[in-house]
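Since the structure comes first, as structure tokens, the remarks are kept for the end.
The values are calculated or read from the model by the stated rules, or taken from the named source; none is laboratory data. All figures in this text were calculated on a predicted structure; none of them were measured in a lab. Positions of Cβ are backbone-derived with ideal geometry, glycine not excepted, and every protein chain shown enters the neighbour counts. Only protein heavy atoms, including side chains, enter the accessible area calculation; ligands, DNA and RNA are left aside. Shrake-Rupley method; radii C 1.70, N 1.55, O 1.52, S 1.80 Å.
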Amino acid sequence: MNRTFSIIKPDATKRNITGAINKLIEDSNLKIVAQKRIQLSRDKAEGFYSVHKDKPFFNDLIEYMTSGAVIIQVLKGNNAVDQYRKIMGATNPDNAEAGTIRKEFALNIQENSVHGSDSEKNAEIEIRYFFDESEIID
Ligand code: ADP
Ligand code: MG
């Protein structure tokens, strides 16, 4: 069992499809062990995506991620990091496999509905960036 960090992004909260996304998460045997609906500040979003700060899409990404509510989550399960990346699908929904969250719901490469950690190490860093351990209930 391990954990991963997830964000349901503003394009999805605006379209009221967070439940549909949670259903795909739960159907894949991942358990939502923490969940909060929040508004990201610019500072918090820039810190979270600091690895991308030199990318051409960085400013647009921060604008988008602060444009509405997000749902932050901790997911637990067997190989949670890889399992969630698999059901998320490719960053660009045009390249995502059928049945994945991004193929079903993403609007484009930016408004792609979900974030998932890319390694176990980053998962723990990202969880700690948003949650106190006392808020994670198995
Ligand atoms: P992933 O979310 O699949 O791990 P990245 O870490 O590479 O993808 O990028 C972080 C986020 O930045 C993406 O989920 C997407 O919202 C946005 N993004 C990535 N690449 C682009 C791009 N070429 N143009 C616009 N936005 C992008
Ligand atoms: Mg990434």
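Distances between placed amide hydrogens fall under 5 Å for Val114 paired with Lys9, all partners being 5 or more residues away or on another chain.
Check the chain and count each lysine pair with an alpha-carbon distance under 18 angstrom, considering only pairs eight or more places apart or from different chains. Lysine pairs, 8 or more places apart or on different chains, close enough: 23.
Sorting 43-54, 75-86 by their mean Cβ neighbour count within 10 Å, with the most densely packed peptide first, gives 75-86, 43-54.
Largest first, the extents of the alpha carbon coordinates of the chain on the three principal axes equal 36, 34, 26 Å.
Based on every Cα atom in the range 93-134, Rg and the maximum pairwise Cα distance Dmax equal 13.3, 39 Å. Cβ-Cβ distance of Phe57 and Ala90, R₀ of 22 Å, FRET efficiency by 1/(1 + (r/R0)^6): the value works out to about 0.90. Per residue, the convex hull spanned by the Cα atoms of the range 11-64 amounts to 119 cubic angstrom. For the range 67-127, the C-alpha radius of gyration divided by 2.2 N^0.38 Å, with N the number of residues, is 1.13.
Based on Cα contacts under 8 Å between residues 6+ apart, the range 1-74 shows a relative contact order of 57 percent.
Placing a label point 7 Å from the Cα of Asn2 along the Cα-to-Cβ direction, the residues of the range 81-103 with a backbone N closer than 17 Å are 81-88. Overall, the accessible surface of the chain at a probe of 1.4 angstrom is composed of carbon and sulfur to the extent of 46 percent.
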